Number of protein chains: 2
Amino acid sequence: MSILTAAADVLRCFSSTRHDVTVTDLVTLLGMPKSNASRLLRAMRDEGLLETVGDSKHYRPSLLLAQVGQLYRFAASLIDRADAVVGRVSDQIGHTGYISVRRGTEVIAATAHPGRHALRVVTSIGDRIPAFASSTGRALLARLSDAEVRALYPEGFTAPSETAPRDMDELLERLAETRRAGFAESHDEAVRGVRAISVGLGDAATGDEVALCITFPAATVEPGERLTIIRSLAEGAAEIAALTQDKRFFPLNLSYSETAP
Amino acid sequence: MSILTAAADVLRCFSSTRHDVTVTDLVTLLGMPKSNASRLLRAMRDEGLLETVGDSKHYRPSLLLAQVGQLYRFAASLIDRADAVVGRVSDQIGHTGYISVRRGTEVIAATAHPGRHALRVVTSIGDRIPAFASSTGRALLARLSDAEVRALYPEGFTAPSETAPRDMDELLERLAETRRAGFAESHDEAVRGVRAISVGLGDAATGDEVALCITFPAATVEPGERLTIIRSLAEGAAEIAALTQDKRFFPLNLSYSETAP
DNA sequence: AAAAAAAGTTCCAAAAAATGGAACTTAAGT
DNA sequence: ACTTAAGTTCCATTTTTTGGAACTTTTTTT
């Protein structure tokens, strides 16, 4: 057994309730001899993996670990991670999934996973659609304050379809609903007969924001399947949100998801 | 030499420009035999310190490191508190803010808040810059005695730019000024056209010390805005200093802040 | 599609580091 | 000042690590 095992075990001792460890902590937690615990902590400190708190016998993770840990976030960019989730859900469900980003009042698809079904929604990467009139757009707008949304549309907008919000008040009400539920939904908005479910997500460090979306023909999806989509998207997004410390993430609230808009 | 040394060296290979490493990277960067590099990366992955990107031969830091690294901020709660202040000021002003710590004669950014302005200073976490030639560094060096500062630089230093201190006497004079004013300022030092304002701060209980910094393009900031930055940083820092019973905190003395250096 | 080059892995005996029990030192509590 | 707890150092034994070379796999070139 390599000393790396022991070192990794030490790192696993840290948690939100244990910010530092001592020799005796290791003896208790890992059942290792005192002598080893003592030497291991010192060695890890000498190598820069840990640092002592002041000049006490308490050891905590080092700045090096903080920095390397930070990189993890960039190593797998937000879009990559979100795309992985959408890809998984799309594979599982068979319907088309994609990732969109917002640029001003428009949303643009960044990656797409075509569904397997004969009747499927085809999205093309790079298409720009109005943010207020799509589930992806509203999932992203919901991350703004009402004031910011108003500022985005100084001259209002015109609804392109029956089911899209007709004015600012209606949009803000839909956004409030999105925040409560933790997801946005559209029906017949951009394309007739098409529904879409979207979840918004951001990275506090980089400021990036994306929407995860699954879209499908309204006629072919049962209520149960719709719930599965919502759950899968929301769970995947929530994991990423925890990692990126997204403060504006709205967790799923299933009591709102029963009612189709 | 323990394998821990090698493992720590591997972690130090990661940077904002190198998110993952391969066997050959290690051979090149650390000059170790291929066989060692190969086994080391595998061992670190097996222990959960690294993970492979997809199923490629590229290794990146693991989730474990990301999690443990996150704890650093809370373990060193001073950073967390200081970061909150800088984040608030950065939001309010729109310019980039960050927190740095000193390691010997270098300062390293620990957290960053990108500004909102189109022209903004971009800092990368983990970058090491010389302490004597930066506002953050001088804010931290000002907390030492002149004797301690001299001891840090037994062989003196060479100024990297026109506006940086050229010798020890000039540095000590700048530090004295920093103590009187309660903040440090730099202009064109690390990057031309960039100014920065920093305040040093410590935690008596843990011995941690950090610098709070706001940095901005020299051309775009009015004298009034500069004063706002100074006041906001200093006030936020003073509050924390009271909380942590920092005995070496230098309170703001606005009569010194009128003169731009 | 074959050949060449590059990248990565496995093998081995020598060299170095880790182990754990006990003795020892330092710090904390009474 | 005494007692107890916490942490460190010592030692011979056991285990891991090391680096060169041979080997396999992957990538690039012809």
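The values are calculated or read from the model by the stated rules, or taken from the named source; none is laboratory data. Values in this document were obtained by computation on a predicted structure and should not be read as measured data. We place every Cβ from the backbone using ideal geometry, glycine too, and count neighbours over all the protein chains shown. The area values use the complete protein model at the heavy-atom level, side chains included, leaving out ligands, DNA and RNA. Shrake-Rupley method; radii C 1.70, N 1.55, O 1.52, S 1.80 Å.
The table below gives the values:
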| read-out | value |
| --- | --- |
| Whichever lysines have a C-alpha closer than 25 Å to that of B:Lys34, once near sequence neighbours (fewer than 8 apart) are set aside | B:Lys57 |
| FRET efficiency, A:Ser77 to B:Glu173 (Cβ-Cβ, R0 51 Å, nearest 0.05) | 0.65 |
| B:Asp146 accessible area, assembled protein chains, probe 1.4 Å, Å² | 60 Å² |
| Prolate/oblate/rounded call for segment A:1-118, Cα gyration tensor, a/c under 1.5 rounded | prolate |
| Which of B:Glu185, A:Glu173, A:Glu209 is most accessible, then next, and so on - probe 1.4 Å | A:Glu173, A:Glu209, B:Glu185 |
| Theoretical ellipticity at 222 nm over chain B - DSSP helices of four or more residues, -39500 (n - 2.57) apiece, nearest 500 | -13500 deg cm²/dmol |
| Other-copy label distances relative to A:Ser77, 7 angstrom Cα-Cβ extension, nm | 3.8 |
| FRET efficiency, 1/(1 + (r/R0)^6) with R0 51 Å, evaluated for A:Leu254 and B:Arg128 via beta carbons | 0.60 |
| For the protein assembly as shown: accessible area per residue (Å², 1.4 Å) | 45 Å² |
| In Å², nearest 10: area of B:Ser186 left accessible to a 1.4 Å probe | 10 Å² |
| Accessible area buried between chains A and B, both sides summed, probe 1.4 Å, in Å² to nearest 100 | 3500 Å² |
| Heavy-atom SASA rank of A:Arg128, A:Arg102 (probe 1.4 Å, accessible area, largest first) | A:Arg128, A:Arg102 |
| Carbon plus sulfur fraction of accessible area for segment B:1-121, probe 1.4 Å, in percent | 50 percent |
| Using alpha-carbon coordinates, inclination of helix B:34-46 to the longest axis of chain B, degrees | 80 degrees |
| Charge context of B:Leu171, other residues only, Cβ under 11 angstrom, K/R +1, D/E -1 | -2 |
| Full-extension gain in nm, A:Arg42 to A:His117, via 0.36 nm per residue minus C-alpha separation | 21.1 nm |
| ³J(HN,Hα) computed for each position of segment A:155-160 - Karplus, 6.51 cos²θ - 1.76 cosθ + 1.60, integer Hz, glycine/proline x | 10, x, 7, 10, 5, x |
| Solution diffusion estimate, µm²/s, Stokes-Einstein, chain B, Kirkwood Rh from C-alpha pairs, 4 °C, viscosity 1.567 mPa s | 66 µm²/s |
| Shortest-first distances to equivalent copies, position B:Gln245, nm, label 7 Å out along Cβ | 2.8 |
| Inter-site label distance for B:Ser56 and B:Leu152 at 7 Å from Cα along Cβ, in nm | 4.0 nm |
| Nearest 10 degrees, 0 to 90: helix B:223-244 Cα axis against chain B principal axis | 70 degrees |
| Nm distances between copies for A:Ala218, ranked from closest, using label points 7 Å along Cα→Cβ | 6.2 |
| DSSP-loop trypsin sites (Lys or Arg not before Pro) across segment A:171-261, with at most 13 other Cβ within 10 angstrom | A:Arg192, A:Lys247 |
